[in-house]
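Participant: Got a structure for you, written out below as structure tokens; questions coming shortly.
The values are calculated or read from the model by the stated rules, or taken from the named source; none is laboratory data. Only a predicted model underlies this, so the values are computations on that prediction, with no experimental measurement involved. Using ideal geometry, Cβ is built from the backbone for each residue, glycine included, and neighbour counts are taken over all protein chains shown.
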Amino acid sequence: MSVRNPRKRVSERMKKEIANFYKEEFVRHQARLETQKTFYPEETYVEIEGVLRKIIDEIDKMSAADNFEELAQRLLERIDVVTSLSRSKLDPSYRVH
């Protein structure tokens with residue numbers, strides 16, 4: 001009979017929830033980027049979109065890293081420099097409808 005460690009199970013579940021949170025955030029930035037497509041040269045847009053897609057596709061793998069939250073936060077901050085999504089919440093002039 002094997003006994004599972006409840007702390008590990010909770011920890012794994014929490015990691016999954018945190019990964020899902022960040023995945024949703026990156027998807028929001030991806031949608032925002034789509035609305036800004038006309039403002040970027042095609043090559044730049046394709047490159048940024050590719051980076052976002054790779055992050056979204058691999059976020060579950062990345063969540064295994066010990067510093068996952070720090071890594072995800074830094075990536076999110078860098079993507080936000082491009083999309084300005086966080087500023088749009090503060091300043092309505094940045095919102096795209």
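Participant: Looking only at helices (runs of 4 or more DSSP H) that fall completely inside region 4-97, which ones have 3 or more residues that are at pLDDT below 90 and β-branched (Val, Ile, Thr)?
Facilitator: Values: elements: 6-35, 42-62, 68-83, 85-90.
Because the criterion is at least 3 residues that are at pLDDT below 90 and β-branched (Val, Ile, Thr), no helices (runs of 4 or more DSSP H) in region 4-97 meet it.
Participant: Moving to a separate point now. Identify, please: which residue in region 23-80 is loosely packed, with under 15 Cβ neighbours inside 10 Å and among the hydroxyl-bearing types (Ser, Thr, Tyr) and is, among those, farthest from Glu12 (Cα to Cα)?
Facilitator: So the residue we want is Thr38.
Participant: Search region 57-79 for residues that are on the phi > 0 side of the Ramachandran plot and in contact (Cβ under 8 Å) with a residue 12 or more places away in the chain and pair each with any residue that is part of a helix (DSSP H, G or I) and exposed (fewer than 14 other Cβ atoms within 10 Å of the Cβ) when their beta-carbon atoms are under 8 Å apart and the residues are at least 6 apart or on different chains.
Facilitator: Going by the 8 Å Cβ cut-off, there are no qualifying pairs.
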